[in-house]
1. Of the conditions (1) among the hydroxyl-bearing types (Ser, Thr, Tyr); (2) farther than 25 Å from Trp13 by Cβ; (3) in contact with a strand residue (DSSP E or B) (Cβ under 8 Å, 6 or more places away or on another chain), Thr144 clears all except one; give me its number.
2. Select, from Ala36, Ala56, Ala10, the only residue that is more than 24 Å from Leu213 (Cβ to Cβ) and touching a residue at least 12 places away in the same chain (Cβ under 8 Å).
3. Among the residues of segment 189-201, is any within 15 Å of the ligand (Cβ to nearest atom), at pLDDT 95 or above and within 25 Å of Glu105 (Cα to Cα)?
4. Going by the conditions given, is Phe16 assigned to a strand (DSSP E or B), within 16 Å of the ligand (Cβ to nearest atom) and of a type in the set (Phe, Trp, Tyr)?
5. Answer yes or no as to whether Trp174 is within 16 Å of the ligand (Cβ to nearest atom) and at pLDDT below 95.
6. Quick one: in segment 234-256, which of the residues that are of a type in the set (Gly, Ala, Ser) and not in a helix (DSSP H, G or I) is modelled with the lowest pLDDT?
7. What's the total number of residues in segment 80-128 that are of a type in the set (A, V, I, L, M), part of a loop (DSSP other than H, G, I, E, B) and more than 24 Å from Val235 (Cβ to Cβ)?
8. Can you find a residue in segment 140-147 that is among the charged types (D, E, K, R), part of a helix (DSSP H, G or I), modelled with pLDDT of 95 or more and surrounded by fewer than 19 Cβ atoms within 10 Å (Cβ to Cβ)?
Amino acid sequence: MTHDSRPVFAANWKMFKGPRATREFLDEFLVRYQPAVDRRVVFFPPSISVEAFLFAASARPDITVGVQDVHAEGEGAHTGAISASMAVEAGASWSLAGHSERRREFGDDDALVARKVRQILQSGLAPIVCVGETLEEREAGDLTGVLARQVGAVLAAVETAGHADLTWAYEPVWAIGTGRTASPDDAAEAHQIVRSAIATRAGDVTAEQAAILYGGSVKPNNIDSLMEAPGVNGVLVGGASLHAGDFAAICGCRLG
Ligand code: PGA
């Protein structure tokens, strides 16, 4: 895979927007956000809305689509799950892995996240691996330990050749959906910790080139300062990505 260093603006819709709401969103978003060659825009709708998304956005190859989760197995008797290869067949080109809501609600621990990332890479999807500490972990002084453990578990499970294909998202759990954003300084510090953890297992070049997105209450009014923070290579946006106007403003932010 050739290295693409353009910043990523990613929308994680979580369990919002079926096919109809997806079409309505795009009617507005595609008018408000015009293609820009200096950035990448990726949407993670619920998988049941991927087809409607791709159809409605078919005139906009600058926008790509991913799924929010895949099963760690290629196929099998796993009611309710989807596989990475099915996501590819449906037109997805990315998948999230390890989102804190998956870790908390569905038991996706480090080992399972690592297996999912392997499946994602094998199928040819591009993974965005989410890491981040809880408030208790941060207050206990565990920031570095938690991030190093989460990053290390994935890198240890993935073949060296795949290390450069990983995109990361630093998402402090206390900032997700809370309206509390990490300050640009906090984000810069945590991104540096993630980058050092990548360097330890994958080497300096891979670490330097790795895209690390920030996620957690990103809004139109804080996007500029977050994107200016050293080592922030894009954003993963939940709540604000559900509003076409807000997410168009985020994706259209000025880049330094
Ligand atoms: P939020 O979610 O923007 O609503 O905080 C971010 C995420 O969970 O990826």
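The values are calculated or read from the model by the stated rules, or taken from the named source; none is laboratory data. These numbers come from a predicted model, not from an experiment. Ideal geometry is used to build each Cβ from the backbone, glycine not excepted, and the neighbour counts take in all protein chains shown.
1. All conditions pass for Thr144, except number (3).
2. Values: Ala36 fails: more than 24 Å from Leu213 (Cβ to Cβ); Ala10 fails: more than 24 Å from Leu213 (Cβ to Cβ).
Just a single option satisfies the conditions, and that option is Ala56.
3. Yes, because at least one residue in segment 189-201 is within 15 Å of the ligand (Cβ to nearest atom), at pLDDT 95 or above and within 25 Å of Glu105 (Cα to Cα).
4. no
5. Yes; evaluated as a whole, the condition is true for this residue.
6. Ranking the candidates gives Gly256 first.
7. 3
8. Checked against the condition, which is being among the charged types (D, E, K, R), part of a helix (DSSP H, G or I), modelled with pLDDT of 95 or more and surrounded by fewer than 19 Cβ atoms within 10 Å (Cβ to Cβ), segment 140-147 yields no hits at all.
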